[in-house]
Ligand code: RM4
Ligand code: MN
Ligand code: MN
C-alpha cells in the first residue's frame, strides 16, 4: 500500500501544494491559526466496525464482491489498509458473535502487529445463535422469561470478558427488544426489566470501562422499541451510574429529527458517550457518512467541537463508524466515510466561535448564521489531505487504493466467502 500511496501522492503533489498555499493564505488573512487547525484535524480518529468490511445485504438479497474478508483476521488486515490510507482509523469495534475470535490473545497480537487496537465491543442479543438454548424472538433483556434474560446478561458479561482480553475499554449495547403490535408488550414493565438486566451488566463492568446504551426508533420492532429514543437511553444511563452513557447513531432517528440538538442535550446531561457515524435518507440506511446530509453532519460536528472547547479533554466520546454497504467496495466506502468525517470535523474547527458567540448574544440572526456558513462553505480538502500526507497517508485514499490492486490481489487468495454479513440491520 505504501508504494501506491507514494505514487499517488507524487502525482497529486504540485496541485495539492498550490491548493494548500491558496487556502492557507486566505485563512491567515482571516486571522486563522493554520498550524493549529492541522493539529486539530489530525486529532480526529474514528473506529471501524468489524461488520463494515464485507459487502452488506438488504433483506432482499446480497451481491458479494470478490475478495471479501473470510474471517476476523482478514477484516483486521483490511482495516490496516484503511488506516494506512487515511491515518484516522487505528481501532476496531468488534461485534460478538459475528467476529468472535477463537483466541482473543492471538487476535490482539495480530492487531498489534498491524498497529491496530480495539474500541468498544458490541454484544448481540438480537439474533439466535446456533446451539443457543433459549430464543430472543420476543426480546432479550426485556423478556418476560427470567431464563432468557439470564442468558442475555450472561452473553453481555462474556462480551466484556473478551473485550477485556483484547484491550477494549467499553461495551455498546444495542437492543432489538420491542413489540410489533399494541398490547403485545407491557410498555413500562419491559423497560424496567431491561434496566434490571443492565444494572447487572453494569455491576460487572471493569472499573475503567464504560457502557453505552444505543437507541433506535424502530426496526426490527415496528410498534414499540424498548430503547426507542435518546430520552429512554438517557433514563437508562442516568439510572445505571457515572460510567454509563448514551451512544448516538446518526441513522437511528425519525426523519427530520434535529440530531445536533440531541447531541447538545446529551452533552449538557454529561451523558454523550459514543457515536455511530453513517448517513441516511429515510431510516437506518447505514450509508457513507456525509453522502446524503453533509450540512447535518457539519452541525453535529460543530456541537462536538464546541463541547470539546467548553469541557476540555474530559469530553472524549468514542467515535465509531456504523455502516454497511451493498453496492460499494467496503474499503472504498469506509475511505469515503473517513474523508467526509475529517472534512466535516475540519469545517467545525474553522467556526469562529468568539464571533458566533458574540452574534448569538446580540441576537444577530444573520451574522450568526453567516459565521457558521462561512466555515461550512470553506473548501477544506487541501487541509485534510495535508494532514493525511504528513502522517504518511494518501492525498487521495480512494485512488491510491484502486491503483494498489489490493482487492484484485486478495480476491485470488480469499476464494471461500464464509462470512455472511448482517441483513438489513
Ligand atoms: C443496529 C445498530 C447497532 C449495530 C447493528 C448491526 O441497527 O446500529 O449499532 O451493531 O445494527
Ligand atoms: Mn449503530
Ligand atoms: Mn443501525
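Between residues in region 381-393 that are on the phi > 0 side of the Ramachandran plot and residues that are modelled with pLDDT of 95 or more and in a loop (DSSP other than H, G, I, E, B), which pairs lie under 9 Å by C-beta distance while being six or more apart or on different chains?
Close Cβ pairs satisfying both conditions: 392/87.
Yes or no: residue 291 closer than 27 Å to residue 94 by Cα and modelled with pLDDT under 95? Don't jump to the end; show me each part of the working.
Working: closer than 27 Å to residue 94 by Cα: yes; modelled with pLDDT under 95: no.
No; evaluated as a whole, the condition is false for this residue.
Tally the residues that are under 29 Å from residue 211 (Cα atoms) and either buried (at least 24 other Cβ atoms within 10 Å of the Cβ) or in contact with a helix residue (DSSP H, G or I) (Cβ under 9 Å, 6 or more places away or on another chain) (or both), restricting the search to region 48-68.
Summing the residues that are under 29 Å from residue 211 (Cα atoms) and either buried (at least 24 other Cβ atoms within 10 Å of the Cβ) or in contact with a helix residue (DSSP H, G or I) (Cβ under 9 Å, 6 or more places away or on another chain) (or both) in region 48-68 gives 9.
Which one of the conditions (1) within 16 Å of ligand 1 (Cβ to nearest atom); (2) surrounded by fewer than 15 Cβ atoms within 10 Å (Cβ to Cβ) does residue 155 fail to meet, given that it meets all the rest?
(2)
Would you point out which residue out of 355, 264, 316 is surrounded by fewer than 21 Cβ atoms within 10 Å (Cβ to Cβ), closer than 30 Å to residue 75 by Cα and more than 16 Å from ligand 1 (Cβ to nearest atom)?
Working: 355 fails: closer than 30 Å to residue 75 by Cα; 264 fails: closer than 30 Å to residue 75 by Cα.
Just one listed residue meets the conditions, 316.
Determine, yes or no, whether residue 176 is within 16 Å of ligand 1 (Cβ to nearest atom), part of a loop (DSSP other than H, G, I, E, B) and within 30 Å of residue 46 (Cβ to Cβ).
The answer is yes for residue 176.
Out of contact with any strand residue (DSSP E or B) (no Cβ under 7 Å at 6 or more places or on another chain), within 12 Å of ligand 1 (Cβ to nearest atom) and over 14 Å from residue 173 (Cβ atoms): which single residue out of 241, 251, 231 fits that description? If you could, list the steps in order and put the result at the bottom.
Values: 241 fails: within 12 Å of ligand 1 (Cβ to nearest atom); 231 fails: within 12 Å of ligand 1 (Cβ to nearest atom).
Every option except 251 fails the conditions.
Among (1) within 16 Å of ligand 1 (Cβ to nearest atom); (2) touching a helix residue (DSSP H, G or I) at 6+ places or on another chain (Cβ under 8 Å); (3) within 24 Å of residue 45 (Cα to Cα), which single condition is residue 236 missing?
(3)
Looking at 163, 139, which one is modelled with pLDDT of 95 or more, within 16 Å of ligand 1 (Cβ to nearest atom), assigned to a helix (DSSP H, G or I) and in contact with a strand residue (DSSP E or B) (Cβ under 9 Å, 6 or more places away or on another chain)?
Details: 139 fails: assigned to a helix (DSSP H, G or I).
Matching residue, one of 163, 139: 163.
The values are calculated or read from the model by the stated rules, or taken from the named source; none is laboratory data. Being a predicted model, the structure only gives us computed values, none of them experimental. When we count neighbours, we look across all protein chains shown, and the Cβ atoms used for this are built from the backbone with ideal geometry, even at glycine.
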